[in-house]
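Worksheet for the structure shown next.
What follows is calculated from the coordinates using simple rules that are stated; it is not laboratory data. What you are looking at is a predicted structure, and each value in this text was computed from that prediction instead of being measured. Cβ sites come from the backbone with ideal geometry, for glycine too, and all protein chains shown count toward neighbours.
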Ligand code: PHE
Ligand code: ZN
């Protein structure tokens, strides 16, 4: 007995590893699901009627054991084919319900009791503000009822919801509303029926007193679809942009992919308490409210952009994810990589394509490259996991999208579309694998992607080095490219990958001598270009056609030339980033000796002149020019240094900003003046670009250190008529020692006290301040009445932003930032393990830093590992990070 207990304890500390190679098809299928919910905050009763059938692909049937997943519920009863089971006829433990199948086909009825109001994990059925809502991806359905909680079990659902009419006038689930009825005792009932078979992770239920905004969309075959967005009362005026984005996304999917919406209604619900960004439940998308609610005075241009892309992303899942879903969770990128690629392309078509590409690459580099080079590296299609929640990663999403993008580049728009058409034709209604997707691409185009498939199985970012040789006599240019991928945890041997590399050869006069996509397949490969009349400047990996690091740094002269002349806008920006990185990295190294950032930087006039040429080039889009002015961030610079000194990086980057501000002061003042707008705020890309350019100007002017520009920021704060201008000003003030900072922060707090989405900006801003009192301020803000550890957005805004977006203060040498952070992660782990684990990555970066910091970070990880009742989620991240 005692021994057993110890064993249990040990097991709970070392969660089981699930492996992709162990996949077997389900023993039984479930074809129809009937659910009845009697909603109650403390004690909801769920009655489930499941029709089982032995899986013809498996030799199973009568007498075989049926294993259903279930957690955190009270089992009230089980009946098979109408007869209640005696306690001896089934086994139930903390994670499952087991019984023997009476025959090949049978009906099981199960009653469970759950407590939505006590559900702090926000997985399964929970309460957000006054509403009930569900989150079932990846494995939340097993917290509602016992079920085969795996995506390859697909069923049609009929859902009955019983709830009090006054507190829950709105009752929603997937599919079509079949009936609404009044019941006794002030309760009412709604019945929903979803005709499309789906895995249980796409099930959803919402009930509450919500306001509704309505519109409609006429599809390509002339059907009218009712569109509804449900929000807390009072937010009805903040849904216009989300609704407009939805309609544009529906139209885009018809135009570009030929995909039409398949039901007569599409619902979106915005809730304040949500673990992630949003969820694609069939015809009932549930959103984190911050990705729906927007008005000119509450949302920045970036918020509008995010809303547009996330609304589109969830909508696009209706085909890429719902109609065709994943066989198992190792295939997650099948739906996520594809859907991210789709939403990126939608945004590119709706806005500026080069600027969208720059932002997508920045995101990949900031989030995915460090992941792929660190302790949590895993392939786009992982081979194993302990907790699937931990694999909703930048690798599965962003790198997965890059892999789809490369197939698009290799096959061309038409070939890609042929592959997509075949994929949906073949697999509609099925749960399939990443390999099935690639096979559809191959079969539709008659190509072989055997080597290309390695992108799904091999982790790590490839490093490319190129060398060029010009032969003036032969008029040829020989380009040699080498690729190499460093070992990653558990994967030491790396193969050469196939990738499309777009290149351009430019003449000194700026003429494009050649533009081509080359197909790199070897570890070292030579390409010979003929009829090249002069020694060219090479524009390499244009448009970031392959998601790799390029180790070759051209001369500063060539980089300045590319900044001003490349015909590929992405690479114009990239040249500036490379140039800036080279200067900053060298200066950080020199700073170590002198301790003087200005001296360490030395003469940067040539770089400033190249920036000036971009800033003042009216042929370039303003959004692009704004992007081109922004230096690589502190975290990005850290990635290129070993060890990284966060304080040196901060000092050098600030010094560079001051030099640029001083050198381009006249031009920035002109840009600030000339880009003021008298028109009413509009979130469109052109207006946003104009504001972005003006914001960059203000921020560089303030970087000069001249107090007039801090006054200017305060003036902008006071007179702003939109959130973008207000936040820009506040971000400038936020790093200052100036009474204007307190004035603006206090004004912001009182102005938006009642808006929970906006007040998160106020928390984040303070957590991201470079001021040295920031940690003390963050600790104080934890006691602010609007702060709670129970709301993921609040935790991310204050605690998460401090660790993820404030390198200088998180990494203070005494380790106080690490200690504070580990304490919060452990506190959160008891409430919401999924969010705690998602926030834990920053402590795993210890290898990047000096011995002192590394030891302190590891000590915190070990302290977390010693925590009592540590969740499987946080255990997986902490144990892999410390190793
Ligand atoms: N599937 C969601 C998306 O990418 C993300 C998500 C995962 C949401 C898990 C909640 C829980 O669109
Ligand atoms: Zn998604």
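When the gyration tensor of the range 331-456 is built from Cα positions, what are the square roots of 5 times its three eigenvalues, in whole Å, from largest to smallest?
23, 20, 13
If you take the beta carbon distance between residue 493 and residue 552 as r and set R0 to 22 Å, what does 1/(1 + (r/R0)^6) give as a FRET efficiency, to the nearest 0.05?
0.30
Between residue 215 and residue 772, what is the label-point separation in nm under the 7 Å Cα-to-beta-carbon projection?
5.1 nm
Please give the contour-minus-distance gain from residue 76 to residue 823: 0.36 nm per residue of separation, less the Cα-Cα distance, rounded to one decimal in nm.
Working it through step by step, the gained length comes to 265.1 nm.
Once fully extended, how much extra length lies between residue 89 and residue 23, figured as 0.36 nm per residue of separation less the alpha-carbon to alpha-carbon distance?
Stretched fully, the residue 89-residue 23 segment lengthens by 21.0 nm.
Considering Cα pairs under 8 angstrom that are at least six residues apart, work out the relative contact order of the range 237-309 and quote it in whole percent.
For the range 237-309, the relative contact order is 36 percent.
Give me the Kirkwood hydrodynamic radius of the range 163-214 in Å, from all C-alpha pairs, to one decimal place?
This gives a value of 12.1 Å.
Could you give the alpha-carbon Rg of the range 326-384 over 2.2 N^0.38 Å, rounded to two decimals?
My calculation over the Cα atoms of the range 326-384 gives 1.31.
For the range 28-208, state the semi-axes of the equivalent ellipsoid (square roots of 5 times the eigenvalues of the alpha-carbon gyration tensor), sorted largest first and rounded to whole angstrom.
27, 17, 15
Using Cα atoms only, what is the angle between the long axis of helix 301-316 and the major principal axis of the chain, expressed in degrees (0 to 90) to the nearest 10?
Once rounded, one gets 40 degrees.
Quote the FRET efficiency, to the nearest 0.05, computed for residue 475 versus residue 421 with a Förster distance R0 of 41 Å and r equal to the Cβ-Cβ distance.
Efficiency at R0 = 41 Å is approximately 0.40.
Against the longest principal axis of the chain, how steep is helix 685-703, in degrees 0 to 90 to the nearest 10, with axes from Cα atoms?
60 degrees
For 731, 441, what ranking results if the residue with the fewest other Cβ atoms within 10 Å of its Cβ goes first?
Placing the least packed residue first, the sequence is 731, 441.
At 0.36 nm per residue, minus the direct Cα-Cα distance, what do residue 609 and residue 535 gain on full extension? Give it in nm, one decimal, please.
24.2 nm
Quick check: the distance between the Cα centres of the range 598-670 and the range 681-708, to the nearest angstrom?
15 Å
Mind sorting 466, 455 by how few other Cβ atoms lie within 10 Å of their own Cβ, fewest first?
Going from sparsest to densest Cβ surroundings: 466, 455.
Between residue 678 and residue 51, how high is the FRET efficiency from 1/(1 + (r/R0)^6) when r is the Cβ-Cβ distance and R₀ = 60 Å? Nearest 0.05.
The value I calculate is 0.40.
Rank the residues 233, 738 as a footprinting-exposure proxy: fewest other Cβ atoms within 10 Å of their Cβ go first.
233, 738
How tilted is helix 816-831 with respect to the longest principal axis of the chain? Cα atoms for both, answer in degrees (0 to 90, nearest 10).
Helix 816-831 and the main axis of the chain meet at about 20 degrees.
If I model a spin label at residue 618 and residue 751 as a point 7 Å from the Cα along the Cα→Cβ vector, what separation in nanometres do I get?
Here the answer is 3.3 nm between the modelled labels.
Which value results when the Cα radius of gyration for the chain is divided by 2.2 N^0.38 Å?
0.97
Given an 8 Å cut-off on Cα distances and at least 6 residues of separation, report the relative contact order of the range 793-883 as a percent.
Relative contact order for the range 793-883 comes out at 28 percent.
Please give the calculated 222 nm ellipticity per residue for the chain, where each DSSP H segment of at least 4 residues contributes -39500 (n - 2.57) and the sum is spread over every residue; nearest 500 deg cm²/dmol?
-12500 deg cm²/dmol
Which whole-number percent is the relative contact order of the chain (Cα, under 8 Å, 6+ apart)?
Relative contact order, the chain: 8 percent.
For the range 768-790 and the range 170-194, write down the distance between their C-alpha centroids in whole Å.
Answer, in whole Å: 44.
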